[in-house]
Structures are given as C-alpha cells and as structure tokens.
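Notes follow once the structure below has been shown.
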Amino acid sequence: MRERRDFLKFSASLAVSSVLSETGATGIPFGIPRSPKPPDELAADETYWSKIRALYAEQDDIINLEHGYWGKMSMQVEAALARHTHRVNKELSWYARRAYDADFLNSRRLVADALGVNVHEVMLTRNATESFINLITQYDRLTPGDSILWADADYPEFKRMMAWLSKSRRVGGHKLDLPSTGSDEDYLQAYAQAFDAHPRLRLVLLTHVSNQHGLVLPIRQIAAMARQRGIDVICDCAQSWGLLDFTLDTLDVDWAVFNLHKWIGSPVGVGALYMRQGTLGAVKPFPGEEEGDADVANRVHLATSDFAAFMTVPDALAFHQAVGGANKQARLKYLRNVWVSRLGASDAVEILGAADASNASGMGGFRLKGQSSKAAVSALQASLQNEFGIFTVVRSDLASGSCIRVTPQIFTPANHLLALADAVTMIAARA
C-alpha cells in the first residue's frame, strides 16, 4: 500500500512540476508551507518539517541516517526528471542538436547565480570528482622543488589523487593530520604551521565540510594565508553546498568543486567546477579544447552525458530555494545537536569534528571511546543496523581512526536522532 501511495503522490506531482517549470517556479512553489519563524526557530518545528517530509517518497523500513552519499530528490524534482527523460528519449538528437545547448546554458547560469558568480566562471560537470580531476591533471604551475598539501579529513579519493599528482610531477607531497576535534583557531593554527613547515608549497586542497565527520573549516581565513604565501587553493565543496547556506564570495577562493546531487537535490550525475575569472591561466584547457581563458567551459569536456539530469537542475534549484538555504542549514544543524547534546555528555562516547556550533554542519561523527579501529566501529555500525534498525556508515580515513558518520536530511524527524542516541547509550553500557 505504501508503494501505491507513493506512486499516486508522484503522479500528482508530475502535473504540478510541469506547470511550475513552464511558469518559472516563482514565489513559494511545490506546496512548501510558509512560516514567519526565523530559521533557528523554524528548525525545531516538527509540524512544519513533517509537511516537507510529505514532499519526498517515504522510506519507513529503516531509520536512514546516511544521506551523505547522495541526496533524495523531492517527488516534484523526481517528476521533472521523468518528464525531461521522456523528452530526450522521444526527441533524441532533434532536441539535443537544436535546443539542448540553450537549456544547458540556462542551468549553468542558474547555478552561477545561486553561487553569486559569473556564468563564465562555472561549468557543470558530472560530479565534484570530475571537476577535481580537471583541475589537478591540467594544473600547470608545478616545478621541481615545489610541494603540495592535503589533510587527513579530505575526501579519500582526492587524497589519493593528490598523492598521484605528487608522484607524477615529482614534487613533494605532504599530508596534514588535523586535530580530531577543535575550534576554528585550532585548524587555522594547524594550517599555518604546515605552510611554515613547507615553504615551497604551491598547491593545497581545502575541504569546506569533511565527508568523514562534518567538520566545517574556516576556509576564507586559511585561503587568505595561502594567498599571502603564493599557494594556490582548490576548495572541495562537494558536501557543503546546500548543507550550508553560502555564496562563493564568503569563501574567497579561486577554484572550487561541487556536487549538486547531494544537498541541492538534483538527480545523480550533476556537479560543477568554479574558476574565478583571471585565474584560468594556471590550469590548461582540456586536451583538444580551444585555447583561451575567457570561459571555464574549455577546462571540461562532458562528452555525451545525462541530458535529463542537467535539464532538471532548474527544478532542483527552485525547490532548494523555495525551502530556503538558511532554513535547511538551521534544520540540519539542529538535528545534529539533538543527538550530539545527548551523546556528548557521555563518558563512553567521543564526538569528532566540530568543537562547538560555530564549525559544525548537519553531519557528525562519533565512536565509542577507546574503540577507533575499523573493526570496532564496523561492529558498532552493524549493531545499530541489525539490532535497532538505524542505518549509518563507517568512515575510516581520519588519522585518529574510524568513526560512524551520522547524516540526517531536512525531512528526518528529530525522534530518529533521539532513537540513535538511545541505541548508542545502550550499546555503550554493555561494551
């Protein structure tokens, strides 16, 4: 019966999203309720967020606290994807060779507008990893004696790519082990010391929100220190855009990579590459693309990709903006605090990442104290899943050891996080 209800809701939303797409999705579309409450107050309004929850296909067979892999589309966005897929499949090259370029450019423009930058500074890609590969493989400023830097809290594949870059270009490669928890000042000090220790640094990877434990780095301040030393910065925003409410001017970085299929709510297979105007000279065009530094588009070659996914970007952005970036950020941080406030007081539990709300996101990480091995944390994850019906994920790339990552979504009820806290307390009591 639940599948039938979801199908009927999905079918109804197909007609609604079709109208919204044609009218430009202005105002408060999608049946999203209005509220006069400020974001921090609205964050705790379970009645309001239950109405948001009704706009997503419901999963009630498990408590899913692993929404960091990719994000669930609202049913309206899912319906828009179905509509765009149908058009592509029906019209094929008749559409692709005549009208798709304009639709793709419109999606680029909307992403650029949402990030507060010029359309020529943003190119859509299939994911943040593709964007990152374009940057580091085409990066053209490394010379003998230079070195590059990354940190333990960075995305695992990006760390491996940075190690590859060091080896392939025969330059020094350095990994910074960050404090397992700390304040902005702690992380600023860690990077300042690393910059001082390696005076020939040319390139550094900074992760806005760590996929390991949700830590938010003070990117603007670290990037400013790097710029003073002539160090180029790639900022990994794969997990941050939509989880946090920001525009690129607040980060003040030259290059950044994004996913839209995590917290913006697009279909899987949509990312973005940002390169600030005037900085393209340090990164060669994609092999075979035309020369020139006027537009970031020639640093990427998408080839044949998912037309419908890129066509759905306006629908996803419209839904995201209708809910409100500030509302989403406040809700997700509130949900993190629900379980952290419970477990943080326990002598048996170690909370990782943010030391306080100022450098916290909606994601979080924890483990039982003294149990940081991958085997121990995997056993904890299995207990949560098999005994309590709570799904989380193990992250194993921090220098301090493995942890459980907890990632709710805006529609996650607060009682799901209370259930997590209760379950961990019970497991810790018998450990």
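Couple of notes before you dig in:
- Here the relative contact order of the range 327-430, from alpha carbon pairs under 8 Å that lie six or more residues apart, stands at 31 percent.
- The order of the peptides 352-359, 275-282, 261-268 by mean Cβ neighbours within 10 Å, most packed first, is 261-268, 352-359, 275-282.
- Summary of packing: across the peptides 415-421, 62-68, the per-residue average of other C-beta atoms within 10 Å ranks them, highest first, as 62-68, 415-421.
- For Leu176, the amide hydrogen comes within under 5 Å of the amide hydrogens of Trp150, Ala151, Asp152, counting only partners 5 or more places away or on other chains and with H modelled in the peptide plane.
- Lysine pair count for the chain with Cα-Cα distance under 24 Å and sequence separation of 8 or more or different chains is 25.
- Ranked by the mean number of other Cβ atoms within 10 Å of their residues, highest first, the peptides 252-260, 52-60 come out as 252-260, 52-60.
- What the phi angles of the range 129-135 give under the Karplus curve with 6.51, -1.76 and 1.60, with θ = phi - 60°, is a coupling list of 5, 4, 4, 5, 4, 4, 5 Hz, glycine and proline written as x.
- Over the range 336-395, the hull volume per residue, using the convex hull of the C-alpha atoms, is 92 Å³.
- Close amide H partners of Glu66, meaning residues 5 or more places away or on another chain with modelled amide H under 5 Å apart, are Thr407.
- Diffusion coefficient, µm² s⁻¹, Stokes-Einstein with Kirkwood Rh over alpha-carbon pairs of the chain at 25 °C and 0.890 mPa s: 109
- The chain, relative contact order in percent, only Cα pairs under 8 angstrom and at least six apart counted: 22
- Here the range 327-430 is assigned +1 on the Cβ of each Lys and Arg and -1 on the Cβ of each Asp and Glu. Its dipole about the Cα centre then comes out at about 200 debye.
- Dividing the mean sequence gap of close Cα pairs (under 8 Å, 6+ apart) by how many residues the range 265-408 holds gives a relative contact order of 16 percent.
- A dipole drawn for the chain from +1 and -1 charges on Cβ atoms has a positive end, and of Ala43, Ser74, Ala153 the residue lying farthest that way is Ser74.
- Only one residue of Gly370, Leu418, Tyr334 has its Cα farthest out toward the positive end of the dipole of the range 327-430, where Lys and Arg carry +1 and Asp and Glu -1 on Cβ, and that residue is Tyr334.
- The amide H of Thr207, built 1.01 Å from its N in the peptide plane, has Asp236 as neighbours under 5 Å, considering only residues 5 or more places off or on other chains.
- Note on the range 274-309 and the range 332-350: Cα centroid distance 43 Å, given to the nearest whole angstrom.
- Note, ³J(HN,Hα) from phi for the range 417-423, Karplus 6.51, -1.76, 1.60, rounded to Hz, x at Gly and Pro: 6, 5, 5, 4, 4, 5, 5
- In this Cβ point-charge picture (+1 for Lys and Arg, -1 for Asp and Glu), the chain has a dipole of about 560 debye about its Cα centre.
- Student exercise, the range 40-135 dipole from Lys, Arg, Asp, Glu Cβ charges, in Debye to nearest 20: 780
- From its DSSP helices (H runs of at least four residues, each -39,500 (n - 2.57)), the chain gives a residue-normalised ellipticity at 222 nm of -13500 deg cm²/dmol.
- Under the Karplus curve 6.51 cos²θ - 1.76 cosθ + 1.60, θ = phi - 60°, whole-Hz ³J(HN,Hα) for the range 105-110, x wherever Gly or Pro sits: 4, 4, 5, 4, 4, 5
Each value in this text was obtained by applying a stated rule to the coordinates, not by laboratory testing. It should be emphasised that the depicted structure is a prediction, and the values quoted were computed from it without experimental measurement. Neighbour counts are summed over all protein chains in view; Cβ atoms, including those assigned to glycine, are modelled from backbone coordinates with ideal geometry.
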